[in-house]
1. Before anything else, pin down the relative contact order of the range B:1-138: Cα pairs under 8 Å, at least 6 apart, normalised by residue count, whole percent.
2. Which trypsin sites (Lys or Arg not before Pro) from the range A:1-72 combine a DSSP loop assignment with at most 10 other Cβ atoms within 10 Å?
3. In nm to one decimal, list the spacings between the A:Lys59 label point and its equivalents in the other copies, with label points set 7 Å along Cα to Cβ, shortest first.
4. Structure shown: which of B:Lys13/B:Lys51; A:Lys41/B:Lys86; B:Lys22/B:Lys59 lie over 22 Å apart, alpha-carbon to alpha-carbon?
5. Mind checking how much accessible area B and A bury in total, 1.4 Å probe, in Å² rounded to 100?
6. Where Lys and Arg each count +1 and Asp and Glu each count -1, what net charge lies around A:Pro72 among other residues with Cβ under 10 Å from its Cβ?
7. At 7 angstrom along the Cα-to-beta-carbon line, where would the label on B:Lys41 sit relative to the other copies? Give the distances in nm, shortest first.
8. Solvent-accessible area of A:Thr67, probe 1.4 Å, all protein chains present, reported in Å² to the nearest ten, please.
There are 2 protein chains.
Amino acid sequence: MFYISQKNKYALKALYELAKHKGEGPLKTAEISKRQRIPLKFLEVILAELKRSKIIAAKRGYQGGYTFVGSPEKISVGDVIRFIAKQPDKDDCIACGKEIKHCPYIPSCAFFPLWQKAHDAIFRIYDETTLQDLLENKHADGIFSLK
Amino acid sequence: MFYISQKNKYALKALYELAKHKGEGPLKTAEISKRQRIPLKFLEVILAELKRSKIIAAKRGYQGGYTFVGSPEKISVGDVIRFIAKQPDKDDCIACGKEIKHCPYIPSCAFFPLWQKAHDAIFRIYDETTLQDLLENKHADGIFSLK
DNA sequence: TCTTTTTCCGACCTATTTGGTCGACAAAGG
DNA sequence: CCTTTGTCGACCAAATAGGTCGGAAAAAGA
């Protein structure tokens, strides 16, 4: 529930690199892998999957690679996360996730509103942050406390 | 990252029952297990753990059970989640979770502010929801769409 | 003090998920 | 036709989640 996997983070990082490289021709998987320290073979899997979303396109062979197709201002983190996440089973609880069985949208579930609010809050952030925002490094306030 | 485990949900449900039962003497593990459909043995583990937080107390033997000690208005969902979650390693990234290694609080990490905002947003919800709120079933608006 | 009830505790178990790899194949240039 | 680079399916290992077992310790009643 609300889990952001490594795969998700890799996907975002890869898209970040591709968005940054936009307009300069295809970027190779190997290059992305190096820049973002993502295991090559795993990255291949991820990019192939992302390609299906049409926001990136691939070109094979010599001088090949991936290119960012859409515009980074129009793709949000939420879009990416939703795309990578496996589609929920049709009878999962929207709020609780897998709990099913004894909680199929029971209005009397004391926790439903909580999980839903949490879900909304987090996706509000994800949805209002575009790849462009990430590129521009909108570090609102540099609270990098600790150490 | 941001993952709410089944254990966490069980913990909340158990506390919900205990809070509801407050003032009526100890409530047995077996009873909680039945009411909330939580596997007994697993629940035992969870309650023993929660006891260490002092918000519930145990009494053994005949007529024993658990009692809610504090006041439900003062315990938030966030408190419970933080308590149950395993303490993060001292050099995990506050925002990203386990990513460590190549991201130890690097201010140049383009994603740090995002994860931090997400973290704040979700815990804001968790922290402002008390057990009492859950008891009062503050279903703001009954959007139990779907089916 | 014996028995019952109930919590306590450590070891253990198992399926799923995560994170990742391998090897062969397909296309695109040079 | 050789190299480069993406594509694809199968495979795999470690971690984690989620849960179980068996008994010990304490509390109270008989």
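The values are calculated or read from the model by the stated rules, or taken from the named source; none is laboratory data. What you see is a predicted model; the values in this text were computed from it and never measured. Cβ: placed from backbone, ideal geometry, glycine included. Neighbour counts: every protein chain shown. Ligands, DNA and RNA are stripped out before the accessible areas are found, and what is left, the full protein with its side chains, is counted by its heavy atoms. Shrake-Rupley method; radii C 1.70, N 1.55, O 1.52, S 1.80 Å.
1. Reported relative contact order: 28 percent.
2. For trypsin sites (Lys or Arg not before Pro) across the range A:1-72 that sit outside H, G, I, E and B with at most 10 neighbouring Cβ atoms in 10 Å, the list reads A:Arg52, A:Lys54, A:Arg60.
3. Label-point distances to the other copies, shortest first: 7.7 nm.
4. A:Lys41/B:Lys86
5. What B and A bury together is about 4000 Å².
6. Net of charged neighbours comes to 0.
7. 3.7
8. 50 Å²
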